[in-house]
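Got a structure for you, questions after.
The values are calculated or read from the model by the stated rules, or taken from the named source; none is laboratory data. None of the values given here were measured: they were computed from a predicted structure. Reconstructed Cβ throughout: ideal geometry from the backbone, glycine too, with neighbour counts over all protein chains shown. Heads up: the accessible areas ignore ligands, DNA and RNA and are worked out on the full protein's heavy atoms, side chains in. Shrake-Rupley method; radii C 1.70, N 1.55, O 1.52, S 1.80 Å.
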Amino acid sequence: MAPGVKTVLKEPLGKRLQKDIHLNLGAYIMVIPVLAFYLVFAYKPMFGAVIAFKNFSPAKGIFASPWTENHGFRYFLEFFKSYYFGRTLRNTITISLSGIIFGFPVPIILALLINEVKNRWFKKAVQTISYMPHFISLVVVCSMVYLFTGEKAFIIQIMRFFGYTGDQNLLNIKEFFVPIYIISGIWQSTGWSCIIYLAALSAVDMELYEAARIDGAGRWRQTVHVTLPALVPTIILLLILAIGGIMNVGYEKIILLYNNFVMETADVISSYVYRRGLVNGNWSFSTAVGLFNSVINFALVVGANRLSRKVTGKGLW
C-alpha cells in the first residue's frame with residue numbers, strides 16, 4: 001500500500017468525513033432530501049410492524065395495546081391455519097411467476113428491436129407510442145380491460161371466430177383472469193421498462209460492432225455476441241429485483257378487476273390484507289400477513305443474489 005494511502009487511513013473517521021463533506025458539499029446537500037424521504041416513508045413506518053405481535057387497538061395505541069398469546073405469534077399461526085393461506089399464496093406465486101416468465105423478456109426484445117431501427121424519426125415514434133400506456137391511470141386501464149373483454153367486445157368476437165362458445169365477460173371466468181392480468185400488465189409496462197435497456201445499449205462501444213463486421217458477423221451474430229453481453233449486467237440486476245418481488249402483487253389492480261366468480265384464482269396476499277385490514281379493521285392480523293410477505297421477499301432477494309453470484313459472478317452486492 002502506498003505511503004499516502006496509509007496516512008489517509010490512519011486519520012480518524014470523523015476527520016476524513018469532515019474533509020469529504022467540505023470537498024463534496026454540493027453532493028451531500030443533494031442527497032439530504034433522498035435520505036429524508038426514505039427515513040420518513042420507508043424506515044420510520046417499519047416500527048409499526050410490532051402491531052403484528054399485539055392485539056392492536058387504535059384507541060390504546062401501539063405501546064398500550066397488549067401482546068398476543070403464543071409468544072406474539074397468534075395472528076401468524078391464524079393465517080397459516082386458515083383456508084386463505086394456501087389459496088392466496090398459490091395465486092400470488094402463480095401471477096408473479098407468470099409475469100416474470102412471459103413479461104420479463106418482452107422489454108428486452110423491444111429494446112433490441114428498437115436498437116436495430118436506423119430511421120431516427122420512426123425510432124422516436126415507436127418509443128413514444130410504447131411509453132404512453134405507462135402514463136394511463138390504472139383505473140382507466142382496468143376500465144379498458146372490462147370493455148375489451150365484455151360479452152360483445154371484439155376480443156370475444158375473434159375468439160368465437162376460432163370456435164369459442166362462451167357468452168359472458170371473460171373476467172367472470174376464473175381460467176382467463178391470470179392471462180388477462182398478465183397481458184394487460186405487459187401492454188402497460190413494456191415500453192417504460194425497456195428504457196433502462198435502451199440506456200444500456202447506448203453505452204455499447206460502436207467499435208465492437210465494427211470489429212464484428214470485419215470478422216464477418218451478420219446482424220444476428222452481432223446481437224448475440226455484442227449486444228446481449230452488454231445487457232447481461234442490467235438483466236441480472238432487474239431479474240434479481242423481480243424475483244425479490246414475487247410476493248408483491250399489488251392489490252390495486254386485483255381489486256379493480258376481480259369479482260366473486262374469479263376469487264379462487266384472483267385473490268392474492270395483498271388483496272387479502274386489504275380486505276382484512278382496511279375493510280374489516282383487523283389491523284394486527286393484516287400487519288402479520290404483510291410482515292410475513294416482506295420476510296419472504298427479503299429471503300428471495302438474498303437467495304437470488306447468492307445464486308447469481310455463484311452462477312454468473314454478478315449480483316446486487
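Go through region 91-105 and give me each residue that's surrounded by 14 or more Cβ atoms within 10 Å (Cβ to Cβ), assigned to a helix (DSSP H, G or I) and either modelled with pLDDT of 95 or more or not hydroxyl-bearing (Ser, Thr, Tyr) (or both). Talk me through it step by step, then tell me what you get.
Quick first cut of region 91-105, residues surrounded by 14 or more Cβ atoms within 10 Å (Cβ to Cβ) only: 91-96, 98-100, 102-104.
Then keep just the ones that are assigned to a helix (DSSP H, G or I); that gives 91-96, 98-100, 102-103.
91, 93, 95, 99, 100, 102, 103 - these are the residues of region 91-105 that are surrounded by 14 or more Cβ atoms within 10 Å (Cβ to Cβ), assigned to a helix (DSSP H, G or I) and either modelled with pLDDT of 95 or more or not hydroxyl-bearing (Ser, Thr, Tyr) (or both).
Taking region 32-88 as the search range and keeping residues that are touching a Ser or Thr at 6+ places or on another chain (Cβ under 6 Å) and charged (D, E, K, R), which one is most open to solvent (accessible area, probe 1.4 Å)?
Filtering first and then ranking leaves 74.
Among 255, 240, which is the only one that is touching a residue at least 24 places away in the same chain (Cβ under 8 Å), part of a helix (DSSP H, G or I) and either in contact with a strand residue (DSSP E or B) (Cβ under 7 Å, 6 or more places away or on another chain) or of a type outside the set (Asp, Glu) (or both)?
Numbers: 255 fails: touching a residue at least 24 places away in the same chain (Cβ under 8 Å).
Among 255, 240, only 240 is touching a residue at least 24 places away in the same chain (Cβ under 8 Å), part of a helix (DSSP H, G or I) and either in contact with a strand residue (DSSP E or B) (Cβ under 7 Å, 6 or more places away or on another chain) or of a type outside the set (Asp, Glu) (or both).
Suppose we keep only residues that are without any contact (Cβ under 8 Å) to a residue 12 or more places away in the chain and assigned to a helix (DSSP H, G or I) within region 145-172. Which one would you say is farthest from residue 261 (Cα to Cα)?
Pass one, region 145-172, residues without any contact (Cβ under 8 Å) to a residue 12 or more places away in the chain: 147-148, 152-154, 157-166.
Among the residues that remain, those that are also assigned to a helix (DSSP H, G or I) are: 147-148, 154, 157-161.
Numbers: 147: 18, 148: 18, 154: 22, 157: 22, 158: 23, 159: 21, 160: 22, 161: 25 Å.
Among those residues, the one meeting the criterion is 161.
In a helix (DSSP H, G or I), within 27 Å of the chain's Cα centre (by Cα) and either modelled with pLDDT under 90 or of a type in the set (Lys, Arg) (or both): does that describe residue 42?
Working: in a helix (DSSP H, G or I): yes; within 27 Å of the chain's Cα centre (by Cα): yes; either modelled with pLDDT under 90 or of a type in the set (Lys, Arg) (or both): yes.
Yes, satisfied.
Could I ask something else about it? In region 206-233, what residues are of a type outside the set (A, V, I, L, M, F, W, C), at negative phi and open to solvent by 40 Å² or more (accessible area, probe 1.4 Å)? Give the steps one after another, and end with the answer.
Of the residues in region 206-233, the ones of a type outside the set (A, V, I, L, M, F, W, C) are 207, 209-210, 213, 215-216, 218-219, 221-223, 225, 227, 229, 233.
Next cut, at negative phi only: 207, 209-210, 213, 215, 218-219, 221-223, 225, 227, 229, 233.
Across region 206-233, the qualifying residues are 207, 210, 213, 215, 219, 221, 225, 229, 233.
Looking only at region 116-153, how many residues end up being β-branched (Val, Ile, Thr), surrounded by 15 or more Cβ atoms within 10 Å (Cβ to Cβ) and under 20 Å from residue 106 (Cβ atoms)?
We begin by selecting, within region 116-153, every residue β-branched (Val, Ile, Thr); these are 117, 126, 128-129, 136, 139-141, 145, 149.
Applying the additional criterion that residues be surrounded by 15 or more Cβ atoms within 10 Å (Cβ to Cβ) yields 126, 141, 145, 149.
If we keep only those that are under 20 Å from residue 106 (Cβ atoms) too, we end up with 126, 141, 145.
The qualifying residues number 3.
Now for a different question. Between 264, 252, which is in contact with a Lys or Arg (Cβ under 9 Å, 6 or more places away or on another chain) and open to solvent by 30 Å² or more (accessible area, probe 1.4 Å)?
On the way: 252 fails: in contact with a Lys or Arg (Cβ under 9 Å, 6 or more places away or on another chain).
Going through 264, 252 in turn, the sole match is 264.
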